[in-house]
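As structure tokens, the structure follows; a few thoughts come after it.
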């Protein structure tokens, strides 16, 4: 009995962290048991800062039911996060000093003095754990580090960044559901600040990462960069040993972001690392509202835009993706805080959490995990029809390394021609996968070799074609074990 208890204790002392690991293929993620981990995250940046305990419960319960497994949230929040108190009247730091957290004795939520800012973080992180969800914990938004836009103030240097990260790591070292995300929407390498001076804050981020790893040697750490391919982590952090996962932000500046190419670029680098889009276009976000020329004719990103960005990124080789709704991440409540951008349509966050794309992204996760997971590769060579080059028409395809299945995403209802000879087996099974409902419909096939044209169902904008080697007897696409 003592031996059993000792092993049990050692597991919880040394193995409770590092639940998420990079698979040996350096392309995808897995849990500690070796099962696939498809990163399906939600941006909830202001979660700790703007929500009550009860409201956090509504968000977490809803996102869990929708299939999300990571909630990305910021300890030192973006919007006046150092000075505007949270919903319980608390601020995070004493005199803006990251080496002095504003902590009081006790944590009773009925006692306004005892229940401090960090007790609130503790509660929400544990609540997510109760729903088997990870918190993608951003220690600070980047405006507290970088000389760019934002409320700030800039408070971090290499020394206090190390101390602050060490404090957080000690606080959460026994919390299994923490993924550490540095950065906070800032360039990962050199940049020119608003004062036209060149800066490089990699030493600050490195100090944070190393402090975390000193306390939690198997911590999973990544970085959230600002938008655009030039700001991808692979441009400046590829050789950082602390970086487990590359990331980029295809963002909200245009519909034209060709994130499938960014993905392939990341995956071509050494040392090999998985990659993902940590901030696709937010649902209901105005398209580029920052240039002073936005009108309603330019419009908003809708569910179709989100799907088209996500599916093509995953089919190009990403290990997961982060969804976001423009009125969820800021937790829009017009009675408490103003809207962020010109053109924002005011949607209360309680309504926005049930928006169209938020209910559909689980179908992408279910589709990918319904086929062999770790050996899938991007391969458009089996597509005979025009592949396309733009966000309007680009097709993307994944297949098994043994060619036993293939999936093709099309952003249009145009027919897709496929070379069936590039899929193994004498007989094939075709499926139409509805990206809105997650329903798969078997496609009658007249022959099983050569060029075959598949026609999309009527009244669809985008769809997925799945072709299986019949001998493998794969389950229906999107099926859950």
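Within region 388-395, identify whether any single residue is touching a strand residue (DSSP E or B) at 6+ places or on another chain (Cβ under 7 Å) and either farther than 30 Å from residue 253 by Cα or part of a strand (DSSP E or B) (or both), and answer yes or no.
Within region 388-395, not a single residue is touching a strand residue (DSSP E or B) at 6+ places or on another chain (Cβ under 7 Å) and either farther than 30 Å from residue 253 by Cα or part of a strand (DSSP E or B) (or both).
Within region 163-175, which residues are crowded, with 17+ Cβ neighbours inside 10 Å and in a loop (DSSP other than H, G, I, E, B)?
175
Could you say whether any residue in region 70-81 is crowded, with 16+ Cβ neighbours inside 10 Å, under 13 Å from the mean Cα position of the chain (by Cα), closer than 29 Å to residue 375 by Cβ and modelled with pLDDT of 95 or more?
Yes, there is a match, as at least one residue in region 70-81 is crowded, with 16+ Cβ neighbours inside 10 Å, under 13 Å from the mean Cα position of the chain (by Cα), closer than 29 Å to residue 375 by Cβ and modelled with pLDDT of 95 or more.
Within region 354-375, is there a residue that is within 30 Å of residue 24 (Cα to Cα), in a loop (DSSP other than H, G, I, E, B), without any contact (Cβ under 8 Å) to a residue 40 or more places away in the chain and out of contact with any helix residue (DSSP H, G or I) (no Cβ under 8 Å at 6 or more places or on another chain)?
Within region 354-375, one or more residues are within 30 Å of residue 24 (Cα to Cα), in a loop (DSSP other than H, G, I, E, B), without any contact (Cβ under 8 Å) to a residue 40 or more places away in the chain and out of contact with any helix residue (DSSP H, G or I) (no Cβ under 8 Å at 6 or more places or on another chain).
Given the condition under 22 Å from residue 304 (Cα atoms) and surrounded by 16 or more Cβ atoms within 10 Å (Cβ to Cβ), answer yes or no: does some residue in region 450-461 qualify?
yes
With the structure loaded, tell me whether residue 306 is free of Cβ contacts under 8 Å to residues at least 60 places away in the same chain, surrounded by 23 or more Cβ atoms within 10 Å (Cβ to Cβ) and not in a helix (DSSP H, G or I) or whether it fails that test.
No.
I'd like to check something: does region 224-231 contain any residue that is in contact (Cβ under 8 Å) with a residue 60 or more places away in the chain and out of contact with any helix residue (DSSP H, G or I) (no Cβ under 6 Å at 6 or more places or on another chain)?
Checked against the condition, which is being in contact (Cβ under 8 Å) with a residue 60 or more places away in the chain and out of contact with any helix residue (DSSP H, G or I) (no Cβ under 6 Å at 6 or more places or on another chain), region 224-231 yields at least one hit.
Looking at 285, 326, which one is crowded, with 24+ Cβ neighbours inside 10 Å, more than 30 Å from residue 23 (Cβ to Cβ), at pLDDT 95 or above and within 15 Å of the chain's Cα centre (by Cα)?
326
Condition first: part of a loop (DSSP other than H, G, I, E, B), closer than 21 Å to residue 73 by Cα, modelled with pLDDT of 95 or more and touching a helix residue (DSSP H, G or I) at 6+ places or on another chain (Cβ under 7 Å). Can you find one or more residues in region 257-275 that meet it?
So far as region 257-275 goes, no, none of its residues is part of a loop (DSSP other than H, G, I, E, B), closer than 21 Å to residue 73 by Cα, modelled with pLDDT of 95 or more and touching a helix residue (DSSP H, G or I) at 6+ places or on another chain (Cβ under 7 Å).
Do we have any residue at all in region 140-152 that's at negative phi, surrounded by fewer than 17 Cβ atoms within 10 Å (Cβ to Cβ), outside any strand (DSSP E or B) and touching a strand residue (DSSP E or B) at 6+ places or on another chain (Cβ under 8 Å)?
So far as region 140-152 goes, no, none of its residues is at negative phi, surrounded by fewer than 17 Cβ atoms within 10 Å (Cβ to Cβ), outside any strand (DSSP E or B) and touching a strand residue (DSSP E or B) at 6+ places or on another chain (Cβ under 8 Å).
Which of the strands (runs of 3 or more DSSP E) contained wholly in region 401-481 include at least 1 residues that are touching a residue at least 40 places away in the same chain (Cβ under 8 Å) and in contact with a strand residue (DSSP E or B) (Cβ under 7 Å, 6 or more places away or on another chain)?
Counting at least 1 such residues, we get 405-410, 416-419, 428-433, 451-454, 463-469.
Results for (1) within 23 Å of residue 314 (Cβ to Cβ); (2) buried (at least 16 other Cβ atoms within 10 Å of the Cβ); (3) modelled with pLDDT of 50 or more, shown as yes or no for each residue.
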position	(1), (2), (3)
2	no, no, no
5	no, no, no
12	no, no, no
16	no, yes, yes
19	yes, yes, yes
22	yes, yes, yes
25	yes, no, yes
28	yes, yes, yes
39	yes, yes, yes
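Identify, please: which residue in region 200-243 is part of a loop (DSSP other than H, G, I, E, B) and closer than 19 Å to residue 160 by Cβ and is, among those, nearest to the chain's Cα centre (by Cα)?
Once the filter is applied, the top-ranked residue is 242.
Could you check residue 333 against (1) over 28 Å from residue 232 (Cβ atoms); (2) part of a helix (DSSP H, G or I); (3) in contact with a helix residue (DSSP H, G or I) (Cβ under 8 Å, 6 or more places away or on another chain) and say which number it fails?
(2)
The values are calculated or read from the model by the stated rules, or taken from the named source; none is laboratory data. What you see is a predicted model; the values in this text were computed from it and never measured. Note that we place each Cβ from the backbone using ideal geometry, even for glycine, and neighbour counts take in every protein chain shown.
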